[in-house]
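Some notes on the structure that comes next.
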Amino acid sequence: MDTISLKMPVTIKAKLTEKLKTKMLKELTEGINRAELEIQQIGIQEKRVMQENTPADPTPQDIQRLNAIRQHFEQERQKRAEYCEQAKARKEETEKLVLGAEIVQGTLERQVEVHVGDNMRELMNVEVLVEDDKIIAIRG
């Protein structure tokens, strides 16, 4: 066997333009706003559920169940708060990026037929550069 077909990674990079930077900042801001709204909604739901599940004369089992409910809502709130912090940090980093910078957008796979004697390093290090949704370079 002298050839085989393999899946190889391709790095997708974007050249930062004003349009892309604006889009990225808008998406981050919307995500932060959505998470902050969800935190408020979780608080409202928690109050409602706690009121519905709090008997007039709570037993130890009732108290344990209420603590579990409270803990569940706190975990959900914490997830959204962590997302907000990460998104705010990414937003700050994005604001500092210089137009024209190349930023990694992700990785895709491509099908490649390799032959005995091919340089594996050249086949592995392929990237596609995109500017405003148009491919402007394929680098090997």
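What the table below lists for this structure:
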| read-out | value |
| --- | --- |
| Per residue Cα convex hull volume in Å³ - calculated over the chain | 176 |
| FRET E, pair M124, D2, Förster distance 30 Å, beta-carbon r, rounded to 0.05 | 0.95 |
| The chain: calculated mean residue ellipticity at 222 nm from DSSP helix runs of at least 4, using -39500 (n - 2.57) | -20000 deg cm²/dmol |
| In degrees, nearest ten, helix 18-53 long axis to first principal axis of the chain (Cα) | 20 |
| Estimated vicinal HN-Hα couplings, Hz - segment 3-11 in sequence order (Karplus 6.51, -1.76, 1.60; Gly, Pro = x) | 9, 8, 9, 10, 8, 10, x, 10, 7 |
| Volume in Å³ per residue [convex hull over Cα atoms, computed for segment 19-97] | 61 |
| Using alpha-carbon coordinates, inclination of helix 60-96 to the longest axis of the chain, degrees | 40 |
| Whole-Å distance, taken between Cα centres, linking segment 49-104 and segment 1-38 | 24 |
| GNM flexibility winner over the chain from A35, A87, A68 (Cα, springs under 10 Å) | A68 |
| HN-Hα J in Hz across segment 121-128 - Karplus 6.51, -1.76, 1.60, θ = phi - 60°, x for Gly and Pro | 4, 5, 6, 7, 8, 10, 9, 10 |
| Unit charges at the beta carbon, dipole of the chain: most positive-side option, Q51, I63, M120 | Q51 |
| Interchain or long-range residues, amide H under 5 Å from Q105's placed H | I12, K13, A14 |
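Where a number appears in this text, it was derived from the coordinates with a stated rule and is not lab data. Since the structure is predicted, the reported quantities are computational estimates derived from the model, not experimental observations. In this analysis, Cβ positions are derived from the backbone assuming ideal geometry, glycine residues included, and neighbour counts consider all displayed protein chains.
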